[in-house]
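Beneath this line is the structure, given in structure tokens, with notes to follow.
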Amino acid sequence: MRKILHIDMDAFYASVEQRDDPALRGRPVVVAWKGARSVVCAASYEARQFGVRSAMPALRAERLCPDAVFVPPDFGRYKAASRQIRTIFARHTDLIEPLSLDEAYLDVSVNKLGIGSATAVAQTIRAEIRAETGLTASAGVAPNKFIAKIASDWNKPDGLFVVRPEQVLDFLAPLDVGRIPGVGKVMQGKLGDLGIRSVAELRAFALPALQARFGHYGRRLHELAHGIDEHPVLTERPTQQISAEDTFAEDVALTATGPMIETLAERVWRAAAREPDRIARTVVLKLKTREFRNLTRSLTPGTPPADAATLARIALELRDRVGLPATTRYRLVGVGLAGFVERTSFTIQPGLFASE
């Protein structure tokens, strides 16, 4: 049985700012550029008490917390702190799967220092992070990644929560199904229509019925409801999606998004060129309306896009499928490539990726 840790830094960007500037400690800090189009990158726990959250419009954060201190993000410092933290992880295990700058899975089934338990490893890592970086981390300890991630959020900030194998079913039972990966608002609604709101209710639902309703994902729901997650910690996570997005200076009509879509397609294609051994099969278009409604359209063509121009053309075609009134205005647009597969596993037509 695996012993998995999920380490999650507490309000990472904001905590780095408070660490480096003593005048910010104890104050509500919002990491964001001030301005009509800006969104919150991170909020300190003092700011969260006022309802400020990541990805919230900065103007709304300012209304919720008029005394907040707005600090522009400094990703160079955040990356440096993240590298320091991963060096600490590497003292204990080579099985590290970073999810972002501020969180990672660690498989400590066998740890380098021979510490007797996964709980003790987690305590040691958290203590080393505090001593060497001046930052705090929360940790979840569990038999698999799914439960460890939930557990790391249980005693935040600066907390530790352990779910032992024999506790898994009881721990999961009362949780809302929204805690399950992939269960967003739409899926919650579909499950709610079946009378399923808790993990216990999901667990009681027959597997054949879940599969009939949700296909392959029905089996995944059934397994997670029973605490089953066999996904290993992956030290090298293959690219799943490459995307770029930007916010307009002013809300625009759908027809005015074309130049930005073409610019973003160029940016995404350059990034995809750094993945020479993998091919992206799906084009994704993202739009956000003036009212902050998110829209996503995607297409997997028979032939993957061969260049930035083709990527832009497909994204523009997806734009025509939005279907909202012409009076709708948009504040953000994004273009992405997804569905990456190994080049060797995909039958490529001669000249498919040659420039015309």
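Every number here is computed from the coordinates shown, using simple stated rules; none is lab data. Quick caveat, the model's predicted, so the values are computed rather than measured. Counting neighbours? That spans all protein chains shown, and the Cβs are built from the backbone with ideal geometry, glycine included.
For the chain, what's the radius of gyration and Dmax over Cα atoms, in angstrom?
Calculated on Cα positions, Rg and Dmax stand at 22.5, 64 Å.
Please work out the C-alpha center-to-center distance from segment 163-232 to segment 25-66 and express it in whole Å.
33 Å
Apply the Kirkwood formula to segment 18-73: the hydrodynamic radius equals the inverse of the mean of 1/r over all pairs of different alpha-carbon atoms; give it in Å with one decimal.
Taking every pair of different Cα atoms in segment 18-73, averaging 1/r and inverting gives 10.7 Å.
Considering all projection directions equally, how large on average is the shadow of the alpha-carbon convex hull of segment 1-102, in square nanometres?
Projected area, direction-averaged: 7.6 nm².
Mind checking which of PHE70, PHE12, PHE248 has the largest fluctuation in a GNM of the chain, springs on alpha carbons under 10 Å?
PHE248
Once you order the gyration tensor axes a ≥ b ≥ c over the Cα atoms, which shape class does segment 153-250 get: rounded for a/c under 1.5, otherwise prolate or oblate by comparing a/b with b/c?
oblate
Evaluate segment 173-225: find the radius of gyration of its Cα atoms, find its Kirkwood radius, and give the ratio Rg to Rh.
Rg/Rh for segment 173-225 comes to 0.90.
Can you give the log10 of the normalised intensity I(q)/I(0) at q = 0.27 Å⁻¹, computed with Debye over equal Cα scatterers of segment 1-50?
The Debye formula, applied to the Cα set alone, gives -1.03.
Just how far, in whole angstrom, is segment 280-318 from segment 110-130 if you go by their alpha carbon centroids?
Measuring centre to centre over Cα atoms gives 44 Å.
What's the ranking of 318-330, 106-118 by average number of surrounding C-beta atoms within 10 Å, highest first?
Going by the mean number of other Cβ atoms within 10 Å, highest first, we get 106-118, 318-330.
How charged is the neighbourhood of LEU332? Take every other residue with its Cβ under 9 Å from the Cβ of LEU332, and add Lys/Arg as +1 and Asp/Glu as -1.
Summing Lys/Arg as +1 and Asp/Glu as -1 gives +2.
Using only the Cα atoms of segment 60-208, construct the convex hull and provide its projected area averaged over every direction, in square nanometres to one decimal.
12.3 nm²
How much space per residue, in cubic angstrom, does the convex hull of the C-alpha atoms of segment 241-345 take up?
Looking at segment 241-345, the number lands at 85 Å³ per residue.
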